[in-house]
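Data block below; observations after.
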Amino acid sequence: MDVSLRPVHDSDLPVFYRQLNDPDALRMAAFTPEDPADRDRFGAHWARVRTSPDVVVRTVLGDGDVVGHASVYGEPGEREVTYWVDRAHWGKGIATAALRGLLAEVPERPLYARVAADNAGSLRVLRRCGFEVSARVAAYAPARGAEIEELVLTLEG
């Protein structure tokens with residue numbers, strides 16, 4: 001599959017909203033909005049993300065179709081990566097290719113990532129892209145309604 005990144009278009013947002021409301025994907029992601037079905041909060045979030053000079057956000061395309069998004073956000077020295085790929089496309093190397101593309105576009109280091117400790121797929125993606133586990137913490141996961149173990153990963157130089 002040909003994976004590419006481009007700026008987010010208004011027409012991508014309904015796809016992102018649908019993806020965010022997939023119960024299986026929510027459970028796996030764990031650290032999600034309290035109420036992912038709240039369209040107003042979803043819209044406000046994406047309006048902030050798309051206009052913030054501190055955020056680099058891209059739509060992930062697989063063979064030209066919108067399959068997710070990836071971004072870097074946060075204060076210098078504390079910036080984090082995040083990504084979301086439609087569950088229908090898990091296990092195809094899309095997240096790895098998208099994250100590699102984003103990392104090439106955003107050369108600053110260190111970068112951080114956070115992942116539910118039991119999210120083996122996302123952990124594999126991050127490790128393939130050079131991230132290493134740097135901490136384990138307990139954190140509240142809204143999608144699971146409980147405190148779970150979260151891994152913090154770091155990408156140096």
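The values are calculated or read from the model by the stated rules, or taken from the named source; none is laboratory data. These figures come from a predicted structure and were not determined experimentally. Backbone-built Cβ (ideal geometry, glycine too); neighbour counts: all protein chains shown.
Annotations
- Some residue of segment 81-88 being at pLDDT 95 or above, out of contact with any helix residue (DSSP H, G or I) (no Cβ under 9 Å at 6 or more places or on another chain) and within 16 Å of Leu5 (Cα to Cα): yes
- Within segment 5-56, restricting attention to residues that are farther than 20 Å from Gly121 by Cα and of a type in the set (Ser, Thr, Tyr), the residue that is surrounded by the most Cβ atoms within 10 Å (Cβ to Cβ) is Tyr17.
- Gly93 being at pLDDT below 95 and either hydroxyl-bearing (Ser, Thr, Tyr) or surrounded by fewer than 20 Cβ atoms within 10 Å (Cβ to Cβ) (or both): no
- Helices (runs of 4 or more DSSP H) completely within segment 20-138 that count 3 or more residues being under 25 Å from His9 (Cβ atoms) and among the hydrophobic types (A, V, I, L, M, F, W, C): 23-29, 39-51, 94-105
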